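The values are calculated or read from the model by the stated rules, or taken from the named source; none is laboratory data. In this text the structure is predicted, and so the values were computed from the model without any measurement. As a convention, Cβ positions derive from the backbone with ideal geometry for all residues, glycine included, and neighbour counts pool all protein chains shown. In case anyone asks, the SASA skips ligands and DNA or RNA and just uses the protein heavy atoms, side chains included. Shrake-Rupley method; radii C 1.70, N 1.55, O 1.52, S 1.80 Å.
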Amino acid sequence: MLVAKFGGTSLATATRFRQAAAILTADSNRRICVCSAPGKRFPQDRKITDLLIDLAYSQDEEKSLLLRQEIEAHFQEITEELGIRQADMLHGQRISERLKAEEKDLSVDRYDGLIALGEVFSASVMAAYLCKLGYRAKFVGAGQAGILVHKIGDHYHMHEDSLNRVRDQLWPLLEGYDLLVIPGFYGRDFEGKRRPLSRGGSDVTAAWLSAALQADCEIWTDVSGVFVTDPRVHPAAQPLPYLSYGQMLEMAEQGASVLHPEAVWPLQAQELKLYVKNSFHPEDKGSVVGPNLHP
């Protein structure tokens with residue numbers, strides 16, 4: 001079984017959602033899809049998560065209205081082109097309505113409650129689109145998936161109980177569906193509140209799901225693997241075909257943005273492979289991260 005995670009650049013537009021869905025359905029071993037919030041469609045665009053952060057901090061209703069409209073417009077552009085209705089997702093709520101309801105819900109922390117909604121919306125769109133294509137796909141929220149987080153210092157991190165909880169929650173669902181679509185970047189705390197991981201946390205979600213289900217993990221991004229240096233800065237740079245867990249962790253901790261550092265050790269503990277691949281060029285070999293140094 002494979003857990004496939006798609007980053008924000010891989011889900012920024014309807015075309016990219018189609019590409020991601022084609023990748024997902026090309027291999028029946030891909031049973032779990034982890035979605036990030038949509039990224040930039042063009043250089044001057046803003047990531048959905050950045051808009052949600054502004055909304056969380058906004059104290060001005062006019063500014064909040066404009067932010068809600070901008071977020072909904074981005075998703076509406078995607079859903080209309082994919083031919084799916086917002087009524088087919090989010091229990092029939094419009095995205096702007098869900099955002100406004102979350103802002104006023106005093107039972108959740110405003111900041112934590114809002115900023116992970118980009119992943120919720122993104123996963124809802126993917127599940128609805130896969131169903132439209134004829135696949136038995138189900139949106140599974142982080143809480144329903146059994147993802148438990150707790151706070152250490154200033155940030156929330158995965159709690160070790162997530163492994164057993166995820167296993168217990170997802171195995172029965174996998175018997176009835178072709179694909180489970182799960183939002184990345186957040187979990188539920190012991191009080192049941194939505195809590196975000198640090199930025200890039202969808203990688204961590206995918207790694208923990210892989211560890212819980214004993215599945216290898218795929219990270220689909222906008223580059224063809226792990227490079228020694230940024231290929232957008234040095235076009236002649238080549239991807240590394242194979243890295244050990246230690247090498248990947250060292251690169252991630254030194255700032256290689258292709259993977260969140262906390263995504264390495266759950267895979268290492270279970271000796272599961274990690275594949276880093278390009279969603280725009282799925283035919284490229286990419287990089288493999290595994291237990292041994294390259295021969």
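Brief remarks on what is shown
- Matching residues in the stretch 241-260 - criterion: being in contact (Cβ under 8 Å) with a residue 24 or more places away in the chain and open to solvent by less than 50 Å² (accessible area, probe 1.4 Å): Leu243, Ser244, Tyr245, Met248, Met251, Ala256, Val258, Leu259, His260
- Residue count for the stretch 115-147, restricted to those that are out of contact with any strand residue (DSSP E or B) (no Cβ under 6 Å at 6 or more places or on another chain), of a type in the set (A, V, I, L, M) and surrounded by 22 or more Cβ atoms within 10 Å (Cβ to Cβ): 3
- Test: residue in the stretch 216-223 that is in a loop (DSSP other than H, G, I, E, B) and among the β-branched types (Val, Ile, Thr): yes
- Lone unmet requirement of (1) among the hydrophobic types (A, V, I, L, M, F, W, C); (2) in a loop (DSSP other than H, G, I, E, B); (3) open to solvent by 50 Å² or more (accessible area, probe 1.4 Å) for Ala237: (3)
- Restricting the stretch 206-225 to residues that are over 23 Å from His157 (Cβ atoms) and touching a Gly at 6+ places or on another chain (Cβ under 8 Å), the residue that is modelled with the highest pLDDT is Trp220.
- Cβ-Cβ distances below 8 Å connect the following pairs, each with a first residue in the stretch 271-282 that is free of Cβ contacts under 8 Å to residues at least 24 places away in the same chain and within 16 Å of Leu249 (Cβ to Cβ), a second residue that is part of a loop (DSSP other than H, G, I, E, B) and open to solvent by 50 Å² or more (accessible area, probe 1.4 Å), and a separation of six or more residues or different chains: Glu271/Pro291.
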